[in-house]
1. Which of the residues that make up segment 58-78 are assigned to a strand (DSSP E or B) and more than 18 Å from residue 109 (Cβ to Cβ)?
2. Have a look at 106, 132 and point out the one that is out of contact with any helix residue (DSSP H, G or I) (no Cβ under 7 Å at 6 or more places or on another chain) and either part of a strand (DSSP E or B) or over 12 Å from residue 9 (Cα atoms) (or both).
3. For segment 114-129, enumerate the residues that are exposed (fewer than 13 other Cβ atoms within 10 Å of the Cβ) and in a helix (DSSP H, G or I).
4. Within the set of pairs 6 or more residues apart or between chains, which connect a residue that is farther than 30 Å from residue 147 by Cα inside segment 104-118 to a residue that is modelled with pLDDT of 95 or more and assigned to a strand (DSSP E or B) with Cβ atoms less than 6 Å apart?
5. Out of the residues in segment 1-18 that are out of contact with any strand residue (DSSP E or B) (no Cβ under 6 Å at 6 or more places or on another chain) and part of a helix (DSSP H, G or I), state the one that is surrounded by the fewest Cβ atoms within 10 Å (Cβ to Cβ).
6. Taking residue 94 as meeting all but one of (1) surrounded by 15 or more Cβ atoms within 10 Å (Cβ to Cβ); (2) modelled with pLDDT under 95; (3) under 23 Å from residue 145 (Cα atoms), write down the number of the exception.
7. What are the residues in segment 79-89 that are assigned to a strand (DSSP E or B) and buried (at least 16 other Cβ atoms within 10 Å of the Cβ), if any?
């Protein structure tokens with residue numbers, strides 16, 4: 001099972017980083033390249049424990065749908081989303097946050113597997129791991145940009 005580990009350093013308040021990471025609206029902005037849209041479940045705002053969202057996007061030239069559930073939220077420290085239905089055999093995506101000096105260290109730990117046995121494992125190794133890593137890095141750069149520049153105010157509720 002492949003695992004992708006990414007650390008992103010952000011000079012912003014941890015609450016802003018955490019909430020931007022849970023924002024459906026920012027997710028759609030950060031994944032515009034794949035035309036990712038929330039089409040069922042929570043379709044805007046911030047996700048919380050027990051919420052689910054169905055995403056529709058184009059990956060590898062194929063329109064796909066994926067439903068994930070937010071299985072846990074520990075405010076400003078950690079949240080997890082897991083696939084309920086979709087193209088993966090499974091995925092578990094843990095998002096961790098900690099403050100160090102004047103920065104936030106945002107960590108993604110994305111564990112996944114493709115279906116189709118040996119062919120799926122080969123696809124994971126040769127194509128999907130790098131694709132997903134680039135996808136997550138691009139998303140994190142959008143979170144960083146919004147958190148560090150004040151653009152977060154256009155996304156998050158005024159009480160954030």
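1. Initially, segment 58-78 is screened for residues assigned to a strand (DSSP E or B), giving 58-59, 62-74, 78.
Answer for segment 58-78, where residues must be assigned to a strand (DSSP E or B) and more than 18 Å from residue 109 (Cβ to Cβ): 58, 59, 62, 63, 64, 65, 66, 67.
2. 132
3. Scanning segment 114-129 gives 117, 118, 119, 125, 126, 127.
4. From residues that are farther than 30 Å from residue 147 by Cα, the pairs are 113/90.
5. Looking at residues that are out of contact with any strand residue (DSSP E or B) (no Cβ under 6 Å at 6 or more places or on another chain) and part of a helix (DSSP H, G or I), I get 15.
6. (2)
7. Taking segment 79-89 as the starting set, the residues that turn out to be assigned to a strand (DSSP E or B) are 79-85.
Of everything in segment 79-89, those that are assigned to a strand (DSSP E or B) and buried (at least 16 other Cβ atoms within 10 Å of the Cβ) turn out to be 79, 80, 81, 82, 83.
Matching residues to (1) under 15 Å from the mean Cα position of the chain (by Cα); (2) without any contact (Cβ under 8 Å) to a residue 40 or more places away in the chain:
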site	(1), (2)
33	yes, no
40	no, yes
53	yes, yes
58	no, yes
63	no, yes
66	yes, yes
76	no, no
83	yes, yes
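The values are calculated or read from the model by the stated rules, or taken from the named source; none is laboratory data. All of these numbers come straight from a predicted model, not from anything done at the bench. Every residue, glycine as well, gets a Cβ built from its backbone with ideal geometry; the counts of neighbours run over all protein chains shown.
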